[in-house]
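Below: one structure, written as C-alpha cells.
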Amino acid sequence: GQQLNQSPQSMFIQEGEDVSMNCTSSSIFNTWLWYKQDPGEGPVLLIALYKAGELTSNGRLTAQFGITRKDSFLNISASIPSDVGIYFCAGPAGGTSYGKLTFGQGTILTVHP
Amino acid sequence: GAVVSQHPSRVICKSGTSVKIECRSLDFQATTMFWYRQFPKQSLMLMATSNEGSKATYEQGVEKDKFLINHASLTLSTLTVTSAHPEDSSFYICSATPLAAVYNEQFFGPGTRLTVL
C-alpha cells in the first residue's frame, strides 16, 4: 500500500522561529491533508491541498502540494508556544480503500518560550 | 462546522468488562466513520471503517469480535471493547467523512482514553 514518510520526527525550537516539515509518498497523491494534534486531543484539519503546485495559507501556516504529486511541505512562521503538538500529513489510501487515509508518522513539535 | 464528538472522554474499567464508546457527527451527516487507536507519540492506527447500515470493515490484525462496531445512523457510530484487558488500554479516536466530501477529508473526535485495570 501507499506509504508516507514524514520528517523530521521531532523538532525543538525557540519561540519566534520558523518551522518546516515535509512528507513524501511512494506513489502519486491527489490530495494532501495536514492535521495538528494537541496532547490528549483528536487531530484537527489545518490545511487541505487538492491540486499539484497549489500553495495554501492558513494564518501563519503555509502548505504546498508538490508538482510531482509525491510530496508536500508545511511551514509555520513565527512559532508560538501553542504551536506545540504533533503534526500529521495524510492522503487518500488509494485503490479500493474507500475513503481511508494514509498518515505520516508525525512530527512532534516543541516550542521553548 | 464539521464537529465530531466522542463520549466518554476517558474511562477506567476493570479487566473483563465491556466498554462502549460513542462517536457522533454533530452538524453533518457522515457516509463513513473510522475508528483509530493511538499509542503515545505514535501515529494513528486504523482499526476499522464503518458505514451506516452495513457491517464494518476491519483492518488486518484487528479482532472483530473484540472490537464491535455498530453504525446505527448517519450521525452515530459506536465501538464496544468487549472483555477488556490491560493491553486494550489506549487512546481511541473516531473520525467521520461528510456526505458532501469530495476529497476524503476526515474530521476527528476528541478521543477517548481507555484504561483497563
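Observations on the structure shown:
- Of all the criteria given as (1) open to solvent by less than 30 Å² (accessible area, probe 1.4 Å); (2) at pLDDT 95 or above; (3) in contact with a Leu (Cβ under 9 Å, 6 or more places away or on another chain), the one not satisfied by A:Ser77 is (1).
Condition check ((1) charged (D, E, K, R); (2) within 14 Å of chain B (Cβ to nearest Cβ); (3) in contact with a Cys (Cβ under 9 Å, 6 or more places away or on another chain)) across all residues:
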{"residue": "A:Phe65", "(1), (2), (3)": "no, yes, no"}
{"residue": "A:Ala78", "(1), (2), (3)": "no, no, no"}
{"residue": "A:Asp83", "(1), (2), (3)": "yes, no, no"}
{"residue": "A:Leu109", "(1), (2), (3)": "no, yes, no"}
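- Qualifying positions in the stretch B:75-102 - within 14 Å of another protein chain (Cβ to nearest Cβ) and either outside any strand (DSSP E or B) or open to solvent by 30 Å² or more (accessible area, probe 1.4 Å) (or both): B:Leu99, B:Ala100, B:Ala101, B:Val102
- Filter result (under 10 Å from the mean Cα position of the chain (by Cα) and open to solvent by less than 80 Å² (accessible area, probe 1.4 Å)) within the stretch B:13-28: B:Ile21, B:Glu22, B:Cys23
- In the stretch B:29-65, the residues that are more than 13 Å from the chain's Cα centre (by Cα), within 12 Å of chain A (Cβ to nearest Cβ) and either among the basic types (Lys, Arg) or assigned to a strand (DSSP E or B) (or both): B:Ala30, B:Thr31, B:Lys41
- Identity of the residue in the stretch A:27-51, under 10 Å from the mean Cα position of the chain (by Cα) and facing chain B (nearest Cβ under 9 Å), that ends up farthest from B:Pro98 (Cα to Cα): A:Tyr35
- Applying the set (1) more than 27 Å from A:Thr110 (Cα to Cα); (2) within 14 Å of another protein chain (Cβ to nearest Cβ) to B:Glu105 leaves exactly one unmet item: (1).
- Criterion violated by A:Leu49 - all others in (1) over 20 Å from A:Pro8 (Cβ atoms); (2) surrounded by fewer than 20 Cβ atoms within 10 Å (Cβ to Cβ) satisfied: (2)
- Test result for B:Leu68, modelled with pLDDT of 95 or more, part of a strand (DSSP E or B), closer than 23 Å to B:Lys14 by Cα and open to solvent by 40 Å² or more (accessible area, probe 1.4 Å): yes
- Meeting the requirement of 1 or more residues that are of a type in the set (A, V, I, L, M, F, W, C) and touching a residue at least 12 places away in the same chain (Cβ under 8 Å), the strands (runs of 3 or more DSSP E) wholly within the stretch A:15-113 are A:19-25, A:32-37, A:44-49, A:61-65, A:71-76, A:85-92, A:101-103, A:107-112.
- For the stretch A:52-61, taking the residues that are farther than 17 Å from A:Thr24 by Cα and open to solvent by less than 50 Å² (accessible area, probe 1.4 Å), the one that is farthest from the other protein chains (Cβ to nearest Cβ) is identified as A:Leu61.
- Residue check, B:Arg10 surrounded by 14 or more Cβ atoms within 10 Å (Cβ to Cβ) and either under 23 Å from A:Lys36 (Cβ atoms) or within 11 Å of chain A (Cβ to nearest Cβ) (or both): no
The values are calculated or read from the model by the stated rules, or taken from the named source; none is laboratory data. Treat the numbers as computed from the prediction; the structure is a model and nothing was measured. Reconstructed Cβ throughout: ideal geometry from the backbone, glycine too, with neighbour counts over all protein chains shown. Quick note on the areas: whole protein, heavy atoms, side chains included, nothing else; ligands and nucleic acids left out. Shrake-Rupley method; radii C 1.70, N 1.55, O 1.52, S 1.80 Å.
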